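Working notes for the structure below.
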4 protein chains.
Amino acid sequence: MAHRPRFFDLPLETSMTALAGRNRANVTAAAAKLGWDSVETDWRALLERDDVDLIDVCTPGDTHAEIAIAALEAGKHVLCEKPLANSVDEAERMVAAADTAAARGVRAMVGFTYRRVPAIQLARQLVADGRIGTVRHVRAQYLQDWLSDPQAPLTWRMDKAKAGSGALGDIGAHIIDLTQFITGESITGVSGALKTFVTERPVAAELTGLSGTAGDETGPVTVDDASVFLAHLSGGGLGVYEATRFAQGRKNAIRIEINGSQGSLAFDFEDMNVLHFFDASDPATTGGFRRIVVTEGEHAYIAAWWPPGHGLGYEHAFTHQVVDLVGAIAAGEQPTPSFADGLAVQKVLDAVERSAEKGAWLDV
Amino acid sequence: MAHRPRFFDLPLETSMTALAGRNRANVTAAAAKLGWDSVETDWRALLERDDVDLIDVCTPGDTHAEIAIAALEAGKHVLCEKPLANSVDEAERMVAAADTAAARGVRAMVGFTYRRVPAIQLARQLVADGRIGTVRHVRAQYLQDWLSDPQAPLTWRMDKAKAGSGALGDIGAHIIDLTQFITGESITGVSGALKTFVTERPVAAELTGLSGTAGDETGPVTVDDASVFLAHLSGGGLGVYEATRFAQGRKNAIRIEINGSQGSLAFDFEDMNVLHFFDASDPATTGGFRRIVVTEGEHAYIAAWWPPGHGLGYEHAFTHQVVDLVGAIAAGEQPTPSFADGLAVQKVLDAVERSAEKGAWLDV
Amino acid sequence: MAHRPRFFDLPLETSMTALAGRNRANVTAAAAKLGWDSVETDWRALLERDDVDLIDVCTPGDTHAEIAIAALEAGKHVLCEKPLANSVDEAERMVAAADTAAARGVRAMVGFTYRRVPAIQLARQLVADGRIGTVRHVRAQYLQDWLSDPQAPLTWRMDKAKAGSGALGDIGAHIIDLTQFITGESITGVSGALKTFVTERPVAAELTGLSGTAGDETGPVTVDDASVFLAHLSGGGLGVYEATRFAQGRKNAIRIEINGSQGSLAFDFEDMNVLHFFDASDPATTGGFRRIVVTEGEHAYIAAWWPPGHGLGYEHAFTHQVVDLVGAIAAGEQPTPSFADGLAVQKVLDAVERSAEKGAWLDV
Amino acid sequence: MAHRPRFFDLPLETSMTALAGRNRANVTAAAAKLGWDSVETDWRALLERDDVDLIDVCTPGDTHAEIAIAALEAGKHVLCEKPLANSVDEAERMVAAADTAAARGVRAMVGFTYRRVPAIQLARQLVADGRIGTVRHVRAQYLQDWLSDPQAPLTWRMDKAKAGSGALGDIGAHIIDLTQFITGESITGVSGALKTFVTERPVAAELTGLSGTAGDETGPVTVDDASVFLAHLSGGGLGVYEATRFAQGRKNAIRIEINGSQGSLAFDFEDMNVLHFFDASDPATTGGFRRIVVTEGEHAYIAAWWPPGHGLGYEHAFTHQVVDLVGAIAAGEQPTPSFADGLAVQKVLDAVERSAEKGAWLDV
């Protein structure tokens, strides 16, 4: 097996050992293209293999708990996609499994990948260093538009049984985690609303198993198209959150603005290599939001990449995630975000759903 | 009396006849500087004067109802500052007075000035023309930072008895009105939260009447420093609103973004001559938010001003307001925003306050 | 005569005494609309009047020298539009007249209005304070697009006899003056190019005196549509200048960026209330261009206007110009920019034209 | 040997066979980290190997001609870093070698990587489709700031013998190629200036071979720190170019703006996933620069990557370069940019240098 090319120095040797998928032809083709050494058609087979140390769970949410818990019990480290689960109950069982595994040196991490965008790391650092003081306001939006078209086909992401929720869990989970990560605070109470604008959609051909045009059959959308909520933060600030797949023209706009007593931060993933920082201690005449191009060697992860101004893209955060996970495994430490962090997000998602149903504020 | 210089052709001749204020020395100095022909020290005196046809009520909110109603009853046209009143009850009485006056040809208007920023007019036009389709999302923020400093002194704006509310009524009222104006829809239900971050402030010297440093005495802040609320819109969309004086680095950021089924609009008063417009019917390869510099002769009000690209400033909207008011008076028509529009905003403010108290969604 | 309304405290009382124009009907209508107290149909009549102290010369460039010199000789203060003249020779005679007049307490100023945009004042201050160190690069663009349409009609601005030059003198003059003002340096050598993209245009009806459609007759464009030049600066830096009326989509984009050894500045008139400032002494991790909203009370001229974030527009700079001129007259001081400053610009314009003709670098 | 992971379907199987470097320890470590299968300490050894089909020449400019010509003569396809060579003479010999090789099916390409940024591809397409009409203006800047610090050490990039030129050839070459590529036009004449702001720098320890502090020894900078030039374009437009390593706060700002008779384009590599496009055929009221987020499946290269809004980074253009090169080799076609394209850039670089020396315009 060839040595894996890499930009980072890793304390462990890694290999892409096996790719699991239910359809042998498909999984074999994918493995060939993506460079996996072997395939399995049942994820359980991975648990039996001695040459597999780490399992990346990137299936729909309804299967996370079963796979992750089984993998941890089999002594495999686990990286699980977000949101951690489809319910608080599942997430709690996963945390318990992770705790048990940790006692044996087996690690579990949840893939809130955006934490590892360098600008987000800098935001957290500035808050931790007291540069914006006490957090007064968090406003966070995750805006996409791919469901604006009512003819966009039904997929598993619009099926509550599989996905748990819609925009809320898929993308709202990210901004919940990001803002809790950056501020170091928790969301303690919420008042939310969910909305499904398009309740019936054409069934995608691959879901029906038919070769005909998808347009002939439709099915119900059982999740939210958009969700919004207000929040109380543990430090006394106010939060405003919005996740939607109906924001025409916004493709993947993760926007986070945080106002503190001493300064402010603003981020938009559509310009992901930049963080805006206002320092209230600057004199009034020369104060202003600084457009920090987060591509200096001193910024997180950047030393492994390019010179200043040569930006990173979407997938770099996944690379950083693996680097940090491998580092934690080698060091025998708990990687973050942990399953407990994933559970914390799950509790907020759950409170938002219940609050929306009830029409009232609820504690998380 | 000299002819008033003007940029617009007006159907009526105007003059700045009298300025009223309680302190004769101060009001005389102000009149001299600003070009008023005479002064009064009691606003009631204006009602007696035959040479006064129109009264501009720009006092604190607790006096709006009394002055405006008396002026209308005295047959004077009225332009009243926003928010219309400090309570729904006051506002309803003002609407009744305006209705009675209108029957006699006497006009009443509320000063939601920002409606007359050309970019806002364009936004309304695009919605009315169906260019963004059905409104899915309204996100509106009015962000200032002048109270972030806990040593900023107490003024009447922080006194509930005079101001009615804090950020909510002072600046939140603007974004409520603007979004109802642009979309042509109403806010039908809200869930809100209010917050006072700094509950005690030094009393300003001019309020204590003492010559000593203000720092020796403090007083309670009895209004909200910040308010946030979710909203249901009459057309089925979701709204998210935020008004605060604690957003460090944001000086007067009125930000409105509206996503519809066919397109989107975005505006920020910090760049007031620009409207961003996304047209979902553009091909995917060349679609994108258009940065429209709203300074063309074809845009509202602009023909009276400068060539393209020579922007307007804050006070131009006040000029437009007077132009439109004088035009409506001359034409014998109801100017907008009417007192009824002001009442509609008042009802939302009221619902937000009650919702915040109750911790639940309320109908407007 | 009524007291003039004003925002600034002025040391002298001002009045708009007389408006001069050749066509009595037109000038009378303009005076009525704009608030002038009387009219004249020959500018020479203004020189005879005892109630006229200051003359604003805003005629085409070919008449500046004659009018301004006559006015100064008649003891009238003069504010002359830019560029100062149509030739270096004219400008030199105007400077001589201004010098003679100054000895008698009569003042002359040239209307490079954009100097009085608050963000430009701040830029100059930051350079003067050494905040950007030694100037390495000046890049300045004045971009408009109103001649992109080949059917845009011929006016005096496209007639070399009247206008002197095209984009170069009309708008290029502004960026030459602005950059010399901000940096405190002179342009010492240039290499330029001029271009006329559309050499023949329809004659505007008002120029032919005919009532027929303009389209039937065309005339030659005798000035440049666009001009570009490189420059050496007196402090050792390199300049790049561009003035054009053919930049589609750019309406009045005055863009100036200055890079120094210790920092940088960037300005764009399409966002005129903002200055971007990079301070190289900030740490690498938190350094970045600061978006300074130049609307604080501490910024030039702002204390007379609005609270932070309530921006100014195009004409405010004209108000500032008059305020400063009246102040200098009252104080018995030389207002700036002086005719000598206007001559300095004229010499650059002249050198650019000669350089373009010769195809080589020329000293200014 | 493992299958190479990939995002694109390639018509040929590729492998990273051998890495050549002069120092065995260093090249072995690099190969291990980056995933090369073997190493060589003399580039000539690569020419002897049967398992090497393609050679990537990424050495300093003074060695390009020798290596590339030898490689082509040995029947190896060549990808050569930019600028193609250090002189027009070398570049011409390389083109001749490439022509001879092409007759035998051996391909040569020069690495103007930025052509393969999707937004640049879109820009070219829009020009080719006539969307901006006749090109009037090209303004192109390549701004960096890494030499602003006079203590930044001397490297081979500041040595004329090795690098050929400074900012001009290193980064100016990119904007020359990009603008010729996008417009499909040639630069036909130039007037330039070069500047070296810091003429003496500390010698980097690795260059002296000494272990002591570098600060003790200094050496001369023999190339330009900054270069600027005006240009005539083959289609009648005017160009303004600027390349510098002294633009404080600009890290890797490749800015290209093109104004045509029917529209305009603007790009800045600091926001590399975006192209701004102004279409003059839009109505005046709704016209404006469109901020196109170039991440749609319909955009060049994107279908192989992520969903809309999930941006690419710096190195993706290198991936695209290899994909296109492998595709051309498989198809038996000439890849672009060819060595002839590289020679075209070289001729402009040469003309700028000679023009700067002479102080006059020169034909390319």
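Please identify the pairs in which a residue from the stretch A:142-156 that is hydroxyl-bearing (Ser, Thr, Tyr) has its Cβ atom under 8 Å from the Cβ atom of a residue that is at pLDDT below 95, counting only partners at least 6 apart or on another chain.
A:Thr155/A:Ala204; A:Thr155/A:Leu207
Report the residue count in the stretch B:184-202 for those that are more than 13 Å from chain A (Cβ to nearest Cβ) and open to solvent by 20 Å² or more (accessible area, probe 1.4 Å).
4
Name every residue in the stretch D:342-364 that is in a helix (DSSP H, G or I), open to solvent by 50 Å² or more (accessible area, probe 1.4 Å) and touching a helix residue (DSSP H, G or I) at 6+ places or on another chain (Cβ under 9 Å), in order of residue number.
Residues satisfying the conditions are D:Lys347, D:Asp350, D:Glu353.
Taking only pairs six or more apart or across chains, which ones have beta-carbon atoms under 8 Å, a first residue in the stretch B:352-364 that is more than 11 Å from chain A (Cβ to nearest Cβ) and within 20 Å of B:Ser234 (Cβ to Cβ), and a second residue that is of a type in the set (Gly, Ala, Ser) and part of a loop (DSSP other than H, G, I, E, B)?
Every condition considered, the pairs that remain are B:Val364/B:Ser186.
Just give me the residues in the stretch D:1-22 being more than 14 Å from chain A (Cβ to nearest Cβ) and of a type outside the set (D, E, K, R), in sequence order.
D:Leu12, D:Ala20, D:Gly21
Within the stretch D:166-178, can one find any residue that is part of a loop (DSSP other than H, G, I, E, B) and not acidic (Asp, Glu)?
yes
Would you mind stating whether B:Val95 is closer than 19 Å to B:Ala344 by Cβ, within 14 Å of chain A (Cβ to nearest Cβ), open to solvent by less than 30 Å² (accessible area, probe 1.4 Å) and touching a residue at least 40 places away in the same chain (Cβ under 8 Å)?
For B:Val95, the condition - closer than 19 Å to B:Ala344 by Cβ, within 14 Å of chain A (Cβ to nearest Cβ), open to solvent by less than 30 Å² (accessible area, probe 1.4 Å) and touching a residue at least 40 places away in the same chain (Cβ under 8 Å) - is not met.
Looking at C:Ala25 and the list (1) loosely packed, with under 13 Cβ neighbours inside 10 Å; (2) small (Gly, Ala, Ser); (3) within 8 Å of chain B (Cβ to nearest Cβ), which single condition is not satisfied?
The one condition C:Ala25 does not meet is (3).
Going by the conditions given, is C:Leu312 surrounded by 20 or more Cβ atoms within 10 Å (Cβ to Cβ), within 12 Å of chain B (Cβ to nearest Cβ) and modelled with pLDDT of 95 or more?
Yes: the conditions hold for C:Leu312.
Every residue in the stretch A:34-78 that is within 14 Å of another protein chain (Cβ to nearest Cβ) and in contact with a strand residue (DSSP E or B) (Cβ under 8 Å, 6 or more places away or on another chain), please.
Across the stretch A:34-78, the qualifying residues are A:Leu34, A:Trp36, A:Asp37, A:Ser38, A:Val39.
Residues to consider are C:Ala330, C:Ala300, C:Ala317; find the one that is assigned to a helix (DSSP H, G or I), open to solvent by 30 Å² or more (accessible area, probe 1.4 Å), touching a residue at least 40 places away in the same chain (Cβ under 8 Å) and among the hydrophobic types (A, V, I, L, M, F, W, C).
Only one candidate passes the filter, namely C:Ala330.
Among what's in the stretch A:134-175 and is open to solvent by 20 Å² or more (accessible area, probe 1.4 Å) and among the basic types (Lys, Arg), pick the residue that is nearest to A:Gly192 (Cα to Cα).
In this case the residue turns out to be A:Lys160.
Quick check: is even one residue across the stretch A:286-297 among the basic types (Lys, Arg) and over 22 Å from A:Leu143 (Cβ atoms)?
Taking every residue of the stretch A:286-297 in turn, at least one turns out to be among the basic types (Lys, Arg) and over 22 Å from A:Leu143 (Cβ atoms).
Residues in the stretch B:33-70 that are within 25 Å of B:Lys160 (Cα to Cα) and small (Gly, Ala, Ser): how many?
Here the count works out to 4.
Against the condition open to solvent by 10 Å² or more (accessible area, probe 1.4 Å), aliphatic (A, V, I, L, M) and closer than 29 Å to A:Pro308 by Cα, how does C:Val293 come out, does it pass?
Answer is yes for this residue.
Just a yes or no: is a residue in the stretch B:73-88 in contact with a His (Cβ under 9 Å, 6 or more places away or on another chain) and more than 26 Å from B:Lys347 (Cβ to Cβ)?
Scanning the stretch B:73-88 turns up no residue that is in contact with a His (Cβ under 9 Å, 6 or more places away or on another chain) and more than 26 Å from B:Lys347 (Cβ to Cβ).
Just need a number here: residues in the stretch D:303-314 that are free of Cβ contacts under 8 Å to residues at least 12 places away in the same chain and not in a loop (DSSP other than H, G, I, E, B).
Total meeting the criteria: 1.
The values are calculated or read from the model by the stated rules, or taken from the named source; none is laboratory data. Please read all numbers here as calculations on a predicted model, not as lab measurements. Virtual Cβ from ideal backbone geometry, glycine too; neighbours counted across all protein chains shown. Ligands, DNA and RNA are stripped out before the accessible areas are found, and what is left, the full protein with its side chains, is counted by its heavy atoms. Shrake-Rupley method; radii C 1.70, N 1.55, O 1.52, S 1.80 Å.
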